[in-house]
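Q: This is the structure I want to talk about, given as structure tokens.
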Amino acid sequence: MLQGKTAIVTGSVQGLGYAMASKLAEAGCNIMLSGLGDAAEIERQRKSLADKFGVKVAYNACDLSRPSEISALVEDTVARHGSADILVNNAVYRHRSPVDRFPDNEWDLALAVNVSAPFHLIKHCLPHMRKAGWGRIVNIGSIRSYLAVANRIDYVTAKHALIGMTRAVGQELLKDNITCNAICPGSLRTPHSNAGIRKIMKEKNVSEEAAEAEYLGSREPRGRFNALDNVAGVLLFLCGPHSRDVNGTAIPVDGGRHGGEVSG
């Protein structure tokens, strides 16, 4: 479906990002991975994608807090794969703290990675998309794009901002064969949530099943995680032929959670 296209997926060396990169690779897309982690594990993941789906997969260790490295990431993608057709802004940085004790450096870093980086990536990818006459931009929001929670002002602010960015960019693309949309997942089973579950297990000396139930208690009324593959499936739709008239919108993948009350 996407043979010959190239996708940049940030935060794609594990978790949701890797699931989305895998889904695009399965559809025939060449991939530029970007993210932080163990170099040997990243290379294993890169090679696994390339071997499994027969596409070109590269990795760029871009520091998304640095605009100069972001522009270099886009140019590296074009140099290696010949284009930059799909951009998935998935990377995230977060810190937990009450607003009156929130460290200035943590706030600045969160905005740089979570808001400014998507802006710079869109800015640098658009000329290549316009030259090709086709492009898809997908920003990864969150349930926190709709519902606030205490002690996470950086994450909530950034995820709300991404929806505004999606709408604004979408308006600029009305006459182009390029779209900009967002996906807003609920809770997912990722390394981040795994760490939270392990913390509960250790602090309360409970089983993984009990810790998972407690973790989900304040997050998912259904008592289960949303599936990574379902989020990746929505991404595939937004990059596919039936999404041309979907532009400037945000699609929740949260089992209906975004329509509920604000809670933890």
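Q: Determine the gain in length on full extension of the stretch LYS199-TRP107; use 0.36 nm per residue of separation and subtract their C-alpha separation, reporting nm with one decimal. Write out the running numbers ahead of the final one.
A: Values: separation 92, 0.36 × 92 = 33.12 nm, distance 2.43 nm.
Full extension of this stretch gives 30.7 nm more.
Q: Something else about it: Tell me, HIS242, HIS160 in order of fewest to most beta-carbon neighbours within 10 Å? Provide the component values of the computation, followed by the final result.
A: Values: HIS242 8, HIS160 17.
So the residues, fewest neighbours to most, are HIS242, HIS160.
Q: Also: Can you sort SER65, SER145 from fewest to most other Cβ atoms within 10 Å of each residue's own Cβ?
A: Working: SER65 16, SER145 24.
Starting with the residue having the fewest Cβ neighbours, the order is SER65, SER145.
Q: Which lysines have a Cα less than 24 Å from the Cα of LYS47, not counting those fewer than 8 places away in the same chain?
A: Once the sequence-local lysines are set aside, what remains near LYS47 is LYS5, LYS23, LYS56.
Q: What is the total of Lys pairs in region 101-241 with C-alpha atoms under 19 Å apart, excluding same-chain pairs fewer than 8 positions apart?
A: Lysine pairs, 8 or more places apart or on different chains, close enough: 4.
Q: Over all directions, what mean area does the Cα convex hull of region 99-208 project, stated in square nanometres? Walk me through the numbers before you get to the answer.
A: Working: hull surface 35.4 nm².
It is 8.9 nm².
Q: Related question: Summing -39500 (n - 2.57) over the DSSP H runs of n ≥ 4 in the chain and dividing by its residue number, what mean residue ellipticity at 222 nm do you reach, to the nearest 500 deg cm²/dmol? Display every interim value, and only then the final one.
A: On the way: 9 runs with 122 residues, N = 264.
Value at 222 nm, helices only: -15000 deg cm²/dmol.
Q: Moving on to the next point. Identify which of ILE137, ILE251, ILE183 has the largest mean-square fluctuation in a Gaussian network model of the chain, with springs joining Cα atoms closer than 10 Å.
A: Greatest mean-square fluctuation among the candidates belongs to ILE251.
Q: Based on alpha-carbon centroids, what's the gap between region 12-77 and region 117-188 in Å, whole number please?
A: 19
Q: I would also like to ask the following. Among ASP100, ASP51, ASP38, whose mean-square fluctuation peaks in a Gaussian network model of the chain (Cα, cutoff 10 Å)?
A: ASP100
Q: Among LYS159, LYS202, which comes first, then next, by fewest other beta-carbon atoms within 10 Å? Could you put the intermediate results ahead of the total?
A: Details: LYS159 26, LYS202 10.
Fewest to most other Cβ atoms nearby, the residues stand as LYS202, LYS159.
Rule-based calculations on the coordinates, nothing more; no lab input. Because the structure is predicted, anything quoted here is derived from the model rather than measured. All Cβ positions, glycine included, derive from the backbone under ideal geometry; neighbour counts span all protein chains shown.
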